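Reading through the structure tokens given below for one structure.
No value in this document is a laboratory result; all are computed from the given coordinates. For clarity, every value in this text was computed on a predicted model and none was experimentally measured. All Cβ positions, even for glycine, are placed from backbone atoms using ideal geometry, and neighbour counts span all protein chains on display.
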Amino acid sequence: MSSTDLSALNSRFAIPGHVQFEDGPGGLTIAEIANSHAEATIALQGAHVMNWQPSGQEPVLWLSRFGKFAPGKSIRGGVPICWPWFGPHAEDAKLPGHGFARTVMWEMLETKALPDGATFLCLGLIETDATRTQWPHPSSAQLRVTVSAELKIELVTCNTSSAPFQIGEALHTYFHISDVANMAIRGLEACTYLDKVGGSSTRKTQRGPIVIESEVDRVYLDTEADCLIEDRGLKRRIRIATRGSRSTVVWNPWIEKAEKMGDFGPEGYRGMVCVESANAVDNVVTVLPGTEHILLTVIGVEALT
């Protein structure tokens with residue numbers, strides 16, 4: 001973004017003591033948020049929440065030090081947005097996996113300092129001929145983010161057409177953990193999940209908490225429960241609460257897949273786990289004409305005693 005554009009963005013949306021817009025890595029424009037509760041970074045490309053760190057805490061989101069920051073490329077880490085489909089496109093395998101929202105530009109629509117000291121930002125997806133070709137349904141998408149001692153993210157889909165359409169979606173959140181060997185995920189006990197490792201589609205039932213000792217790629221279905229990442233190394237519990245989400249995706253690429261991806265770095269997979277608030281597979285959402293659907297996740301940190 002040119003210095004003129006950046007100046008205009010700051011003139012309109014910057015708030016002293018809350019948010020400032022800057023040139024970020026790879027030339028990406030970013031919003032830097034810092035208030036009395038937390039710090040965060042959001043890239044306008046993809047409306048991508050890259051970092052969130054409550055005061056006095058370790059970072060809660062994992063962002064690869066080896067990530068490729070460039071126009072049109074997805075960022076490895078933070079909270080990529082999967083929209084308007086999750087995984088491969090159902091009819092055209094040539095279209096990008098997980099949709100296009102995470103690699104296109106969004107525009108800043110609103111920033112606000114809230115009475116409790118939190119910072120609110122709203123971004124809107126910019127439609128282009130390319131996005132309309134991939135998604136011909138008249139609609140709009142917004143991301144609403146509240147940065148405080150908790151991180152609140154709302155992905156809002158509005159159907160402005162005269163016909164219903166279906167969406168698949170996820171807030172593909174990468175969480176920073178001390179070590180995958182020191183972590184367990186609770187809240188999905190007894191849930192049915194689709195095991196996607198190796199390209200299979202086996203349905204299984206979760207027995208006990210989730211521990212990761214090899215590649216994990218699972219879509220847990222028909223669940224609205226809070227998920228808890230218990231990290232013994234950092235002595236904390238990350239709580240992920242949702243609304244408007246019927247699926248939870250748990251992912252860690254493990255050794256071989258992480259090496260092939262090239263942007264994890266040596267043993268990067270050990271310091272992260274994805275727990276994604278989603279609507280996928282059986283839980284895709286039908287959005288009726290003139291209505292909106294909101295996928296909400298609220299992330300908080302608690303002491304683990």
Revision key, fill the gap. With the 8 Å Cα cutoff and a minimum separation of six or more residues, the chain has a relative contact order in percent of 17 percent
Exercise for review: Please compute P(r) over all alpha-carbon pairs of the chain, binned at 10 Å starting from zero, and give each bin as a whole-number percent.
Suggested key: 6, 28, 37, 24, 6, 0
Practice item. Per residue of the range 232-247, in order, report the coupling 6.51 cos²θ - 1.76 cosθ + 1.60 (Karplus, θ = phi - 60°) as ³J(HN,Hα) in whole Hz, putting x for Gly and Pro. Key: 6, x, 8, 6, 9, 10, 9, 9, 10, 9, 9, 8, x, 10, 10, 10
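Arrange the following residues from fewest to most other Cβ atoms within 10 Å of their Cβ: Met272, Met105. Mind showing how you got there, number by number?
On the way: Met272 23, Met105 18.
Ranking Met272, Met105 by Cβ neighbours within 10 Å, fewest first, gives Met105, Met272.
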Practice item. Would you mind checking which residues have amide H under 5 Å from His48's amide H? H placed 1.01 Å from N; only 5 or more apart, or other chain. Key: Ala43
Revision key, fill the gap. Too long for a 21 Å Cα-Cα cut-off, among Lys94/Lys204; Lys73/Lys260; Lys196/Lys260; Lys68/Lys257, are Lys94/Lys204
Exercise for review: Run the quick spin-label model on Lys204 and Glu91: label points 7 Å from Cα toward the beta carbon, then report their separation in nm to one decimal.
Suggested key: 3.4 nm
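Just flag the trypsin sites (Lys or Arg not before Pro) in the range 219-305 sitting in loop per DSSP whose Cβ has no more than 15 other Cβ atoms within 10 Å. Please report the intermediate quantities before stating the final value.
Values: sites: Arg232, Lys235, Arg236, Arg237, Arg239, Arg243, Arg246, Lys257, Lys260, Arg270; in loops: Arg232, Lys235, Arg246.
Answer in residue order: Arg232, Lys235.
Classify the range 137-251 as rounded, prolate or oblate, taking a ≥ b ≥ c as the square roots of the eigenvalues of its Cα gyration tensor: rounded when a/c is under 1.5, otherwise prolate if a/b is larger than b/c and oblate if not. Spell out each step's value before the answer.
Numbers: a/c = 2.40, a/b = 1.39, b/c = 1.72.
In terms of gyration-tensor shape, oblate.
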Review point. Which residue, Thr248, Thr223, Thr160, has the most motion in a Gaussian network model of the chain that connects Cα atoms within less than 10 Å?
Key: Thr160
Revision key, fill the gap. GNM on the chain, Cα springs under 10 Å; top mean-square fluctuation among Leu194, Leu95, Leu125 goes to Leu95
Review point. Considering the dipole of the range 226-293 built from charges on the beta carbon (Lys and Arg +1, Asp and Glu -1) around the Cα centre, which of Leu228, Ala258, Thr248 is farthest to its positive end?
Key: Leu228
Practice item. Check the straight Cα-Cα distances from Lys112 and name the aspartates and glutamates below 17 Å, setting aside those fewer than 8 residues away within the same chain. Key: Glu32, Glu39, Glu150, Glu154
